[in-house]
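These notes are about the structure you will find just below.
The values are calculated or read from the model by the stated rules, or taken from the named source; none is laboratory data. Just so you know, these numbers come straight off a predicted model, no measurement behind them. We place every Cβ from the backbone using ideal geometry, glycine too, and count neighbours over all the protein chains shown.
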Amino acid sequence: MKKYDAVVIGGGIAGMQCAVDLADQDFKVLLVEKKSSIGGTMIQLSKVFPTLDCASCITTPKMSETYKHPNITIMTLAEVTKIERRDDDRFTIKIHERPRYVHLDPCTGCNECAEACPVYIVDDYDMGLGIRKAVGVPFTNALPPKAVLHEDECIFCGRCATACPTDAIDYSMLPQDHEIDAGTVVLATGLLETPIIKEEYGGGQFKNVITGKQMERILAPHGPYGGIMRPSDGKQPLSIAYIQCAGSRDFSIGIPYCSRVCCMYATKQSMLLSAAAPLADITVYYMDLRAFGKGYEEFIQDAKAMGVSFIRGKVAKITEKENGDLVVRVEVFDEDGGLREFEHELVVLSIGLVPKWNPDGVVDVNTDQYGFIASANPNESPATTNIPGVYVAGVANGPMDIVDSIKSGSAAAMKASIYLNGGLREAPKTFKLVEMETK
Amino acid sequence: MSLIELDPDLLQDIKKYGAFDVSACFNCGTCTAICPLSDEDGEFPRSIIRLAQLGAKEELLNSKELWLCYYCGQCSTTCPREAEPGEFMAAARRYAIAQNDVTRISRVVYKSKAAYVGFLSLLTIVALWIMWPYADFSATLQPGINPTWIYFDPEFVHWGGLVAGGIFAVWMGLYFLGLFRHLMRQLRLYGPDSTGVSIFSKLKIWIVSLFRVVFTEVLYQRRYATDQDTSVPFRRRRWVLHMCMMWGFILLFASTVINWLTKPIEIMVPITYPTHILGIAGGLLLVYGATRTMIFHARRRDDNYYGHATFSDWVFLTLTNLLGISGFLLTLDIYVPTWQQWAAYFNIYIPEWQTFAGYFIIFHLLIVGLYIVLAPLNKGAHAFYRPLTLWVHEYGKGIKALTTPEEESYTDEIPILT
């Protein structure tokens, strides 16, 4: 049984921050990541609000720091199956590691295998908008910068193994189960975008109705289209609509809470679009703009000054026309007010966040009614869960933006560090779960 | 700017008429934008919810939008706050019926189940107490004579009918007083600015819009038909069921009136008599519509529309159904002996038929009486409110079309400067 001081589950921005902070204090950290590369959601983004800094330029150094840190071990394609707290206050953690079919040490990340591979698959890194090969480096700045083979789509033709200059590809790799002895556990399991389940918005059937994260990929410099185009016919849209609260603050889809990031990312994207598609009219339909952070309100004012029109009104229904254009029906609240229909060539749903990971059967932490891991005491110490030694960071704890996720990662690292030094042994006093949104 | 009077208890008052939660509403407007009947001329339900939240009682009671809604339930399904706007509109309509009822019985009828049952029982007992002594249930049917003249004292039928008619006339008069008030308020508030329109044009628009409303909205109910779920089979659609009930009622009413006007009342005619066929067709439609609607109300408790029937709705629906059923029982009972005679003519033996026509007549008269007394007090009132509101609405649209100048067409000719 391998021994680590801390196990961080999730290699997103919160998990990386937490791992680096712990490792800097000379703790041995194991970072468990489900995907083939660390980086999480943030590495997929184009720019960040409210500074409009390039997201990769902030994430990549952090990824690199995590990857190169002598005290951090990264385990990719791995999922935690059981976390047990022992009587000596340490944890036994069972991890299931899926085969990569590529040996990490010999692989140089040259991507010759992808050149040779005949199979094209849908690229989930590009949110389903682009394609990639069944084998290859997951994306340009992936870490570890090594190829991965997708066994479900691979036809095992052997071309990649022949093409590989270092013979790193090994079709006979098997899944591995690890048992780890760890001093503390941090859950930083992150988020998923709310799926488009609202029938009124097409239920995912309309081609030119995309989600915020898909727009992030379209806007990203290394994105799938290399420009601003719409999915159905590659036309450069001249009229783009943002629909706020499309997957949150809505009891009818069971997600009544506010996802906290959508107002700002829609504003950010509309600013970026004003530059990337200068001819396009951009409209944001909102119920109320929740610009709660430092510099956020000014950011929205900037967007307004740049010519983005903000219309108060919740879009009730989208209808698709034959040419792929979309008609939105909305009751507008302005001087004239009233029921209107607007036509747009591309509609972006500012869809919310839902938790990615369900701890049921793995670890006995409390979750709130929407599946986010609950803080034992949200006001006093948000990183603490009901189990001593298990801490939570990032969106696993509740919707938050990048700034808050990084803070949350550091906070969890601090708590974990205190625990590793012998503190925080008693079970925290658990407060009644705070309902995130009440009627 | 004019001041409006606010009633802070308005929302609480309306809540007594239905199960909704518009305090949760954050005024996003989803309900208005999803509504298939909302258009530039009438936007609801959010605007009406807002009135209730503010406590603008007069504006709410006089709003035409209240009566433009047919409660398809789409707003309730899509509401992000589960505020049940559709049910709110229904409750606001009940509230408006109660407020416009000058006798004030309607408030009690809507709010208290016990009081409604008591009121119904009282009416039934009084009606039976009056009719029973004049009835002779042991009489036997005689061919060619209206059974009412056989089973009841003819003097009682004559005078009783006149007195009952008088009472009903006064009753309806009282009720129409409320309706008249409502209509005049609507006109004052929503009547468009018609300055410059000649009296003849106005009269013309009144008449044209009346015809339009009667043909498209009363007899065909085009607006109701627009929001039908086409995945439901035709025979089960709400609009079809409603049309069945309404046309059933109209046919039954028409056959009674035509009978009364065209033939001596004490004569019994064969079942093939035109008005009888009209009546039977009406009865069949009525019973089909009412029965199916009742079944849906009983079964679909989770449905946004069918799940929300109140006790008063149930009473109204039951009475509607009984109207048809009691008529059928009576018809069956009266005409079966005639069939026996026909059967005898063809040498077919049908066993002796024990008639209960006396009891059935009393039952039918009781139901008709209750129906006429109760209809204006509960859901039945919509039969007057909707057409009248739509008439005013249509008139307003006509005036608006006349007074709004046509938009000048844009020409891109460059003016030549000399």
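Search the stretch A:210-269 for residues being farther than 21 Å from A:Ile402 by Cβ and among the acidic types (Asp, Glu), and hand back the single one that is farthest from the other protein chains (Cβ to nearest Cβ).
The residue in question is A:Asp233.
So, restricting to helices (runs of 4 or more DSSP H) that lie completely within the stretch B:85-148, which ones have at least 3 residues that are under 30 Å from B:Ile265 (Cβ atoms)?
Numbers: elements: B:85-100, B:105-111, B:113-131.
Passing ranges, in order: B:113-131.
Within the stretch A:148-157, does at least one residue satisfy the condition of being touching a helix residue (DSSP H, G or I) at 6+ places or on another chain (Cβ under 8 Å), touching a residue at least 40 places away in the same chain (Cβ under 8 Å) and either among the aliphatic types (A, V, I, L, M) or outside the structural domain of A:Ser408 (by TED's automatic domain parsing) (or both)?
yes
Which residues, counting only those in the stretch A:56-77, are closer than 13 Å to A:Glu33 by Cα and within 17 Å of the chain's Cα centre (by Cα)?
Quick first cut of the stretch A:56-77, residues closer than 13 Å to A:Glu33 by Cα only: A:63, A:66-67, A:72-77.
Within the stretch A:56-77, A:Met63, A:Thr76, A:Leu77 meet the criteria.
Scan the stretch A:250-292 for residues that are over 20 Å from A:Gly203 (Cα atoms), in a loop (DSSP other than H, G, I, E, B) and small (Gly, Ala, Ser) and jot them down.
Selection gives A:Ala277, A:Ala280, A:Ala291.
On the basis of being buried (at least 23 other Cβ atoms within 10 Å of the Cβ) and either of a type in the set (Ser, Thr, Tyr) or under 28 Å from B:Arg188 (Cβ atoms) (or both), does B:Tyr17 make the cut?
Details: buried (at least 23 other Cβ atoms within 10 Å of the Cβ): yes; either of a type in the set (Ser, Thr, Tyr) or under 28 Å from B:Arg188 (Cβ atoms) (or both): yes.
Yes: the conditions hold for B:Tyr17.
Wholly within the stretch A:149-249, which strands (runs of 3 or more DSSP E) include no fewer than the required count, namely at least 3 residues that are crowded, with 23+ Cβ neighbours inside 10 Å?
Details: elements: A:176-187, A:191-193, A:209-211, A:239-243.
Answer list for the stretch A:149-249: A:176-187, A:239-243.
Please find, among B:Gly55, B:Gly29, the residue that is within 14 Å of chain A (Cβ to nearest Cβ) and among the small types (Gly, Ala, Ser). Break it down into steps so the answer makes sense when it comes.
Details: B:Gly55 fails: within 14 Å of chain A (Cβ to nearest Cβ).
Exactly one residue qualifies, and that residue is B:Gly29.
Which of the residues belonging to the stretch A:98-130 are touching a residue at least 24 places away in the same chain (Cβ under 8 Å) and of a type in the set (Val, Ile, Thr)?
Selection gives A:Val102, A:Thr108, A:Val119, A:Ile121.
Under 29 Å from A:Gly227 (Cα atoms) and not β-branched (Val, Ile, Thr): is that true of A:Pro278 in this structure?
Details: under 29 Å from A:Gly227 (Cα atoms): yes; not β-branched (Val, Ile, Thr): yes.
The answer is yes for A:Pro278.
Of (1) among the acidic types (Asp, Glu); (2) more than 22 Å from the chain's Cα centre (by Cα); (3) modelled with pLDDT of 90 or more; (4) not assigned by TED's automatic domain parsing to the domain that holds A:Asp233, A:Glu437 satisfies all except one. Which?
So A:Glu437 meets the others, but not (3).
Rundown of residues vs (1) farther than 20 Å from A:Val8 by Cβ; (2) in the same structural domain as A:Lys35 (by TED's automatic domain parsing), yes/no style:
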residue	(1), (2)
A:Arg329	yes, no
A:Leu339	yes, no
A:Thr367	no, yes
A:Tyr370	yes, yes
A:Ala376	no, yes
A:Ser405	no, yes
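Just one of (1) more than 18 Å from the chain's Cα centre (by Cα); (2) over 18 Å from B:Arg185 (Cβ atoms); (3) among the charged types (D, E, K, R) trips up B:Glu58, so point out which.
Status for B:Glu58: all satisfied but (2).
How many residues does the stretch B:270-323 hold that are of a type in the set (A, V, I, L, M), touching a residue at least 40 places away in the same chain (Cβ under 8 Å) and part of a loop (DSSP other than H, G, I, E, B)?
1
Can you tell me which residue within the stretch A:310-368, out of those that are among the acidic types (Asp, Glu), within 14 Å of another protein chain (Cβ to nearest Cβ) and assigned to a loop (DSSP other than H, G, I, E, B), is surrounded by the most Cβ atoms within 10 Å (Cβ to Cβ)? Break it down stepwise before answering.
Within the stretch A:310-368, the first condition is being among the acidic types (Asp, Glu), and the residues that meet it are A:320, A:322, A:325, A:331, A:334-336, A:341, A:343, A:345, A:360, A:364, A:368.
Subsequent filtering for residues that are within 14 Å of another protein chain (Cβ to nearest Cβ) retains A:331, A:334, A:336, A:341.
With assigned to a loop (DSSP other than H, G, I, E, B) added as a condition, the list becomes A:334, A:336.
Values: A:Asp334: 10, A:Asp336: 7.
Step by step, filter the stretch A:310-368, then rank; the result is A:Asp334.
Would you check if there is a residue in the stretch B:230-237 being more than 30 Å from B:Leu323 (Cβ to Cβ) and not β-branched (Val, Ile, Thr)? Steps first, answer last, please.
The initial filter retains those residues of the stretch B:230-237 that are more than 30 Å from B:Leu323 (Cβ to Cβ), namely B:230-231.
Still in the list and also not β-branched (Val, Ile, Thr): B:231.
Taking every residue of the stretch B:230-237 in turn, at least one turns out to be more than 30 Å from B:Leu323 (Cβ to Cβ) and not β-branched (Val, Ile, Thr).
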